[in-house]
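The values are calculated or read from the model by the stated rules, or taken from the named source; none is laboratory data. Treat the numbers as computed from the prediction; the structure is a model and nothing was measured. Cβ atoms come from the backbone with ideal geometry, glycine included; neighbour counts cover every protein chain shown. Ligands, DNA and RNA are stripped out before the accessible areas are found, and what is left, the full protein with its side chains, is counted by its heavy atoms. Shrake-Rupley method; radii C 1.70, N 1.55, O 1.52, S 1.80 Å.
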Amino acid sequence: MRITDQWIETGLLTPEQLAQAEGLRRDEGLRVDRAVVRLGFLTERQMLQALARHFDLEVVDLAELTITPEVLRLLPSKLVFRKRLLPIAASGGLIKVAITDAFDMGALDDVRLITGLTVRPVLASPDDVDNLIKTHYGVGGDTIDEMVAGDSLTASTDQASSEDLLEMAQEASVIKLVNEIIIEAVNQRASDIHVEPYEKELSIRYRIDGVLQDASLPPQIHRFQAAIISRLKILANLNIAERRVPQDGRIEFNIGGRQIDVRVSVIPMLFGEGIVMRLLDKANVLYTLTQLGMDETTFQLFNGLITRPHGIFLVTGPTGSGKTTTLYAALNSIVSREIKVLTVEDPVEYQLRGVNQIPVDANVGMTFERGLRAILRHDPDVIMIGEIRDLETARAAIQASLTGHLVLSTLHTNDAASAPMRLMDMGVEPYLVSSTLIGVMAQRLVRRICPKCRTVHTPEPKTIPADLHLIPGATLSLGAGCESCRDTGFRGRMGLYELMVITEDISNRILQRRPPSELIHAGRTSGLRLLREDGWDKVRSGSTTIEEVVTCTAV
């Protein structure tokens, strides 16, 4: 019996659904089982079970297995990657192989020829197989094996001429390897890729949810350091012959229909050039205000401030705390056909529909201050400045506010109450800060507990910080670690927020140059909550952990 007839007979699919799948198969060249899953008639797991019944195969959960290095060495990585299969056990002349494609009998013949063993296939989830292949063989393991076999790309950066580096960087295997490293970073939701050369090692790490994690790469990658770095420099339009001074560039990728903008920074180091690549996924940054993680009270106050007709609103925090994302979400919520929004940014990270964005370029004299003064003649209603860095920019922002514009910007301070003092330290007069500043929001990012492996526990009293108030016997959440979160227990991040609305009382204290501690005291009367207090609310709600809040906030 044909497998499609079996699906109809067992009621797995209706004739109409099968007809739709057959149509997709003809139109796009998909196999019918892939078409069924693509159309959503069956899940990947249901299809796996259906194929297992038809071919009389066992379905295994790879997460429950322990695979020894000896078994992994039985098959070359080239075959493992090409056929998407994994050796999981071997004994008594038999090798058990997890496969993802029950129709590919040729793959089993290859295993039999290479090992000389009897092959027993079992079915496993394609995602599980792919993840374990990367874990055990490394990202691009098959490509690196080819490069090792060729043995023509191992010249050190110091020894190689510019022509040699250019030739190495254009090798098909190098191009493929670099692409695989970047694609894996995107798939793992990494925000940065760190390429760090050492004397006998090339370290490649991904920053995922704010924490650096080693990429799964074969150790032989060190031999191709010069080729990899040269390839990245070519992609970023940098000078591969220049290895003595820092260089900056950018790369644009289209990965699975997603536009990825990569900012590349190259710095000479002791054992070669180090590279950091910031990955900007244009599809994933445009959050709405309700997705940022603000509580209802903070959200209402924040929404009220960004819809005011004039004044300066600042978002503060260290680098990487999500300030720009918050401002983009704010702009996204207020932009309309009735108002004109202009931004001055260094660089323009994401394109916002309906917003006029101006990039800063110091090389041609286009500074924040110059751009800001110019856009005032373009009759804007709302202005966003990427960052207030100096007195000139601060004064231009204040002038824009005084002439009837709402100005949004960022500032580097540890808390909301320190922002007015920071502006005055730059040289802005207290009366100007007092009369134009309408609100300051400090923020941090903490990791969210992974929803797939979330568990509850009762914390030991000695592990509970003194300022975290819990009812006796209260339970908190944590992540046990799973494949979805790379065994970290966390997946994604959320914001902690400290919003200080500038009331008349606070404004008067700013005018008198009162210290931040007094501004906090005055803010308490109008509902100011500190970052740590917002963090404890998120701990009690099961969104994050005590350790995350303690790490990024001060008592």
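When Glu392, Glu387, Glu429 are screened for being modelled with pLDDT of 95 or more and open to solvent by 30 Å² or more (accessible area, probe 1.4 Å), only Glu429 passes. Residues in the range 223-237 that are in contact (Cβ under 8 Å) with a residue 24 or more places away in the chain and not basic (Lys, Arg): Phe224, Gln225, Ala226, Ala227, Ile228, Ile229, Ser230, Leu232, Ile234, Leu235, Ala236.
Scanning the range 356-379 for residues that are open to solvent by 40 Å² or more (accessible area, probe 1.4 Å), assigned to a helix (DSSP H, G or I) and β-branched (Val, Ile, Thr) yields one hit, Val364. The residue that is most open to solvent (accessible area, probe 1.4 Å), among those in the range 444-483 that are assigned to a strand (DSSP E or B) and touching an Asp or Glu at 6+ places or on another chain (Cβ under 7 Å), is Arg447. For the range 439-488, filtering for residues that are of a type in the set (S, T, N, Q), farther than 22 Å from Glu533 by Cβ and touching a residue at least 60 places away in the same chain (Cβ under 8 Å) leaves 1. For the range 187-233, taking the residues that are buried (at least 19 other Cβ atoms within 10 Å of the Cβ) and of a type in the set (Val, Ile, Thr), the one that is modelled with the lowest pLDDT is identified as Ile221.
Those residues that are open to solvent by 30 Å² or more (accessible area, probe 1.4 Å), modelled with pLDDT under 90 and closer than 21 Å to Lys176 by Cβ, I need them from the range 234-252; list them, please. The answer is Glu252, and nothing else.
In this structure, is Ser333 closer than 30 Å to Val446 by Cβ, of a type outside the set (Asp, Glu), open to solvent by 30 Å² or more (accessible area, probe 1.4 Å) and in contact (Cβ under 8 Å) with a residue 24 or more places away in the chain? Yes: the conditions hold for Ser333. The set of residues in the range 52-70 that are assigned to a loop (DSSP other than H, G, I, E, B), open to solvent by 70 Å² or more (accessible area, probe 1.4 Å) and touching a residue at least 12 places away in the same chain (Cβ under 8 Å) comprises Glu58, Leu65. Does Arg514 meet the test of being assigned to a loop (DSSP other than H, G, I, E, B), more than 30 Å from Glu64 (Cα to Cα) and without any contact (Cβ under 8 Å) to a residue 24 or more places away in the chain? Here the answer is yes, as Arg514 does meet what is asked. Criterion applied to Glu349, Glu338 was being among the acidic types (Asp, Glu) and either in a strand (DSSP E or B) or free of Cβ contacts under 8 Å to residues at least 60 places away in the same chain (or both), and the one residue passing it is Glu338. Against the definition (open to solvent by less than 70 Å² (accessible area, probe 1.4 Å), in contact (Cβ under 8 Å) with a residue 24 or more places away in the chain and touching a helix residue (DSSP H, G or I) at 6+ places or on another chain (Cβ under 9 Å)), how does Asp261 come out, yes or no? For Asp261, the condition - open to solvent by less than 70 Å² (accessible area, probe 1.4 Å), in contact (Cβ under 8 Å) with a residue 24 or more places away in the chain and touching a helix residue (DSSP H, G or I) at 6+ places or on another chain (Cβ under 9 Å) - is not met. Examine the range 284-304 for a residue that is of a type in the set (Asp, Glu) and in a helix (DSSP H, G or I), and state whether such a residue exists. Yes, there is a match, as at least one residue in the range 284-304 is of a type in the set (Asp, Glu) and in a helix (DSSP H, G or I). Selection of the range 14-31 for residues being closer than 18 Å to Ile99 by Cα and open to solvent by less than 60 Å² (accessible area, probe 1.4 Å) yields an empty set. Scan the range 1-20 residue by residue and report those that are farther than 17 Å from Gln49 by Cβ and of a type in the set (Gly, Ala, Ser). Answer for the range 1-20, where residues must be farther than 17 Å from Gln49 by Cβ and of a type in the set (Gly, Ala, Ser): just Ala19.
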